[in-house]
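Enquirer: This structure is in structure tokens; I'll ask about it shortly.
What follows is calculated from the coordinates using simple rules that are stated; it is not laboratory data. What you are looking at is a predicted structure, and each value in this text was computed from that prediction instead of being measured. With ideal geometry, Cβ positions are generated from the backbone for all residues, glycine too; neighbour counts draw on all protein chains shown.
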Amino acid sequence: MPYKTFFKKQGAFHFGVNPPPVFESAEKPEVESALKNLKDRKLWVCSACSDLHIGLKPPRECPTCNIVGKFKETSEKEFKMIIDKFLE
Ligand SMILES: [Zn+2]
């Protein structure tokens with residue numbers, strides 16, 4: 001199973017094998033900090049490959065599985081469980 005890592009762009013974060021376009025590397029503490037202060041951002045999960053996203057909207061196309069339209073909102077509990085399962 002390929003491992004996933006964290007990426008960021010402005011206030012958005014992504015957890016996947018591949019980053020969305022123009023996202024750069026991020027560290028787990030940055031993601032934990034974002035989870036504690038989401039403001040208008042929501043939590044998203046790709047229902048095909050379990051990539052995660054924090055942002056106002058999810059990517060249209062998942063950068064890891066390349067399927068369009070698979071992101072749905074998720075809970076903080078599921079979000080954290082998926083990180084533990086897939087983190088490098
Ligand atoms: Zn995916």
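Enquirer: Filter the range 43-60 for residues that are loosely packed, with under 15 Cβ neighbours inside 10 Å and of a type in the set (D, E, K, R); which is nearest to the chain's Cα centre (by Cα)?
Expert: That would be K57.
Enquirer: Would you pick out the residues in the range 11-67 that are of a type in the set (A, V, I, L, M) and assigned to a strand (DSSP E or B)?
Expert: Scanning the range 11-67 gives A12, L43, V45, L52, I54.
Enquirer: Residues to consider are E32, E61; find the one that is free of Cβ contacts under 8 Å to residues at least 12 places away in the same chain, within 11 Å of the ligand (Cβ to nearest atom) and not hydrophobic (A, V, I, L, M, F, W, C).
Expert: E61
Enquirer: On to the next question. Which numbered condition trips up K72, out of (1) surrounded by 14 or more Cβ atoms within 10 Å (Cβ to Cβ); (2) in contact (Cβ under 8 Å) with a residue 12 or more places away in the chain; (3) within 15 Å of the ligand (Cβ to nearest atom)?
Expert: (1)
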